[in-house]
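S.K.: Here it is: the structure, laid out below.
The values are calculated or read from the model by the stated rules, or taken from the named source; none is laboratory data. Remember, it's a predicted structure, so these values are computed and weren't measured experimentally. Quick reminder, even Gly has a Cβ in these numbers, built from the backbone with ideal geometry, and neighbours come from all protein chains shown.
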Amino acid sequence: MIKKTHHFKNMRAMAIQQTPLKSEKRILLEHEHVPEINKIDVYTSKGGYSALKKVFQNKMTPDSVIDLMKASGLRGRGGAGFPTGSKWSFVPKGNDKPKYLLCNADESEPGTFKDRVLLEKLPHLMIEGMIIGAYSFGARKSYVYIRGEYTYAAMMVEKAIQEAYQVGYLGKNILGSGFDHDMYVHRGAGAYICGEETGLISSLEGKKGWPKLKPPFPAVEGYLKCPTVVNNVETLACVPWIINNGPEAYAKMGTEKSKGTKMWSVSGDVAQPGVYEVELGAPFSVLLNDCCGGIRGGKKLKAVIPGGSSAPIVTAEEAFAMTLDYESIASKGSMLGSGGMIILDESRDLVQVLKNLSEFYADESCGQCTPCREGTGWLEKILHSFTEKQALKTDIELLDRISSNMLGRTICVLADSIAMPVQSYLKKFPQEFQKYLETSSNTSRQRRAL
Amino acid sequence: MSANPQLKPFSFSEKAMLQMKDILSRYDSKRSALLPVLHLAQDEFGYVSDEVIEYVARIMDLSPAQVLEVVTFYTMYNKKPVGKNHFQFCVTLSCWMFGSHQLMKSACSRLGIREGETTADGQFTVSKMECLGSCGSAPVVQINETYYENLNPEKLNRLITSCKEGEPLIP
């Protein structure tokens, strides 16, 4: 299914990742630096698929797998942070309808590139987690929904699935358990909204990626109106470790409410951007200085977007006072989100930054809900008049009013994903907007066409 | 990609037919196979013209409108022919911070086209893309299906030259 172009032969996995750093806590990425770890024999030689064998050879019941996940405290790593064990337990039992597991590999939140590492280098870790997850709620089929642009990742996952079939980890009667499971790669075609779980389901159904109202929740009525669980790649990749080491060992890492480790993809003004795995609750400075080598060119930190571009911005002071877990980041008015962290140094103009993000959301709004379709366009236009030095005196207030009117009024959270950042930039960096008003050459009350 | 896709009859080759059969076998509803079948159609015919949409609708038991709305919703389906080397610049935050807009502009001016256009010889198209998920190695350009990361003006120039010579650089 994946076309080989003349460029294709030259393609290779991205040259990330040095050997593990001391300040990291690698449980998912433990073997990431091992050559050819994407191949099943290498993966197996490093203890791969031992969790799957444990589940089937010890005849663990589906419910006991769910109980393990609940006890581990694992929360969804795609953005919302919902407890994984609970999600699996919501799938109704004793229902004749087919059940589906969908792995959300539509990584498209600006600043996020962690799942790509897992897909390209550790596809078997995700596949092993998927088979165990599917077993826990009785899904006979699963799909890995990979964003269309990740051609190389899709190819690596496709290869890994074939390998898993060959050794009998997929297909009929897996390891003599009587459990059958089929797994397929499904490529997207370029739409941010398909990373939203109900948008992903619409897209998999062969439609526009329009999100659907909840309830009914996918666990009850999802893909083809059947019970469906959608989990992020990183979430599923945590499953084998938890089975192998026990939920207590997992829950020992992290904080009271944020258990385990988290992969962070750090980009922007740092010396060494990349993907790093640290324990939840690690201080921000550990990630910034010990992992990423601090700010590029010896500059000072201005602001941080902690969890993908949808996360409200935090000031340098707030960043240094926060630890990297769901609660601490929320206490600074932002969110852990996908762990796509963007670092902004003192030279960055935050109005320009916000304008760039507004373009993204205006482009990616699916157009279904009026507050989002119109609001994202308006925010973009107003921010454009700031950067063109044409802003009106009332524009700060207008940005605030439009974004407030977008919050919580749409089917999915795309509108909130730009409305919340707009409000945070206005609140935390008002002087940046004020500066543009003072230099605006438009002193009239009329907006000029730009 | 075929230079003259309109000269081909609108029917999948035997090989593509087999691929389509395999795709259909993966899903519990035929319509679910629409995205992968459209990828296949684009590979086969070069781009997704109105005729291709009608053909796909016919073989998928859908109306042309149902196919059209999908084709226009997703950015990766090309409604127009694209150049042999499709330069797709990521312009979202991390890439933008490291000059992706300037890089795109300089590619356009060297090729004598504007963003979204194709050169007269059909060799190059320049498009802008939203986040490609390569923020740690920004800025990035995707040429056809290959990512070229940590781009700079000099690297971009060499890249264009190598594509002109028909031997694109190794990323």
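S.K.: So which residues in segment B:75-114 are of a type in the set (S, T, Y) and more than 14 Å from chain A (Cβ to nearest Cβ), if there are any at all?
M.R.: Passing the criteria: B:S106, B:S109.
S.K.: Among the residues of segment B:99-119, is there at least one that is basic (K, R), within 25 Å of A:S265 (Cα to Cα) and not in a loop (DSSP other than H, G, I, E, B)?
M.R.: No; the residues of segment B:99-119 include none that is basic (K, R), within 25 Å of A:S265 (Cα to Cα) and not in a loop (DSSP other than H, G, I, E, B).
Matching residues to (1) more than 12 Å from chain B (Cβ to nearest Cβ); (2) on the phi > 0 side of the Ramachandran plot:
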site: A:G293; (1), (2): yes, yes
site: A:I305; (1), (2): no, no
site: A:S309; (1), (2): no, no
site: A:Y326; (1), (2): yes, no
site: A:S358; (1), (2): no, no
site: A:A362; (1), (2): no, no
site: A:T370; (1), (2): yes, no
site: A:L383; (1), (2): yes, no
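S.K.: Here is a list: A:S108, A:S136. Which entry is buried (at least 24 other Cβ atoms within 10 Å of the Cβ), among the small types (G, A, S) and within 26 Å of B:L38 (Cβ to Cβ)?
M.R.: Result of the check over A:S108, A:S136: A:S108.
S.K.: Conditions first: (1) farther than 25 Å from A:Q162 by Cβ; (2) assigned to a helix (DSSP H, G or I). A:P110 passes all but one, so which condition is the exception?
M.R.: With (1) farther than 25 Å from A:Q162 by Cβ; (2) assigned to a helix (DSSP H, G or I) applied to A:P110, the lone miss is (2).
S.K.: From the list A:G209, A:G199, A:G168, pick out the single residue that is at pLDDT 95 or above, crowded, with 22+ Cβ neighbours inside 10 Å and part of a loop (DSSP other than H, G, I, E, B).
M.R.: Unique residue meeting the criteria: A:G209.
S.K.: Let me ask something else. In segment A:343-356, which residue that is facing chain B (nearest Cβ under 9 Å) and surrounded by 20 or more Cβ atoms within 10 Å (Cβ to Cβ) is farthest from A:Y436 (Cα to Cα)?
M.R.: The extreme case among them is A:L344.
S.K.: Okay, next question. With respect to B:D61, is the statement that it is within 26 Å of A:Y100 (Cβ to Cβ), more than 7 Å from chain A (Cβ to nearest Cβ), over 21 Å from the mean Cα position of the chain (by Cα) and of a type in the set (D, E) true?
M.R.: For B:D61, the condition - within 26 Å of A:Y100 (Cβ to Cβ), more than 7 Å from chain A (Cβ to nearest Cβ), over 21 Å from the mean Cα position of the chain (by Cα) and of a type in the set (D, E) - is met.
S.K.: Of the conditions (1) modelled with pLDDT of 95 or more; (2) surrounded by fewer than 19 Cβ atoms within 10 Å (Cβ to Cβ), A:G340 satisfies every one except a single condition; which number is it?
M.R.: Among (1) modelled with pLDDT of 95 or more; (2) surrounded by fewer than 19 Cβ atoms within 10 Å (Cβ to Cβ), the lone unmet condition for A:G340 is (2).
For (1) closer than 26 Å to A:G195 by Cβ; (2) of a type in the set (A, V, I, L, M); (3) without any contact (Cβ under 8 Å) to a residue 40 or more places away in the chain, each residue gets a yes or a no:
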position	(1), (2), (3)
A:Y223	yes, no, no
A:N232	yes, no, no
A:C238	yes, no, no
A:A251	no, yes, no
A:G260	yes, no, no
A:V266	yes, yes, no
A:V270	yes, yes, no
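S.K.: Filter segment A:262-287 down to the residues that are small (G, A, S) and in a strand (DSSP E or B), then identify the one that is farthest from A:P20 (Cα to Cα).
M.R.: Step by step, filter segment A:262-287, then rank; the result is A:G268.
S.K.: Six or more apart or on different chains, Cβ atoms under 7 Å: show the pairs whose first residue is in segment A:36-63 and farther than 26 Å from A:M156 by Cα and whose second is among the polar types (S, T, N, Q) and assigned to a helix (DSSP H, G or I).
M.R.: Close Cβ pairs satisfying both conditions: A:P62/A:S136.
S.K.: Also, quick follow-up: Being at pLDDT 95 or above and more than 14 Å from chain B (Cβ to nearest Cβ) is true for just one of A:L204, A:L236. Which residue is that?
M.R.: That would be A:L236, the only listed residue that is at pLDDT 95 or above and more than 14 Å from chain B (Cβ to nearest Cβ).
S.K.: What single numbered condition from (1) over 20 Å from the mean Cα position of the chain (by Cα); (2) assigned to a helix (DSSP H, G or I) fails to hold for A:S86?
M.R.: (1)
S.K.: Only one of these is at negative phi, away from chain B (no Cβ under 14 Å) and among the β-branched types (V, I, T): A:I146, A:I174. Name it.
M.R.: So the residue among A:I146, A:I174 that is at negative phi, away from chain B (no Cβ under 14 Å) and among the β-branched types (V, I, T) is A:I174.
S.K.: State the number of residues belonging to segment B:116-147 that are more than 9 Å from chain A (Cβ to nearest Cβ) and either without any contact (Cβ under 8 Å) to a residue 12 or more places away in the chain or under 18 Å from B:V82 (Cβ atoms) (or both).
M.R.: Result for segment B:116-147: 14.
S.K.: Quick check on my filter: what residues within segment A:298-322 are more than 22 Å from A:F360 (Cβ to Cβ), in contact with a Phe, Trp or Tyr (Cβ under 8 Å, 6 or more places away or on another chain) and in a loop (DSSP other than H, G, I, E, B)?
M.R.: Passing the criteria: only A:M322.
S.K.: What are the residues in segment A:115-168 that are more than 24 Å from A:P35 (Cα to Cα), of a type in the set (D, E, K, R) and over 19 Å from the mean Cα position of the chain (by Cα), if any?
M.R.: A:R140, A:K141 - these are the residues of segment A:115-168 that are more than 24 Å from A:P35 (Cα to Cα), of a type in the set (D, E, K, R) and over 19 Å from the mean Cα position of the chain (by Cα).
S.K.: Can you confirm whether segment A:245-257 contains a residue that is within 13 Å of chain B (Cβ to nearest Cβ) and either in contact with a strand residue (DSSP E or B) (Cβ under 6 Å, 6 or more places away or on another chain) or modelled with pLDDT of 95 or more (or both)?
M.R.: no
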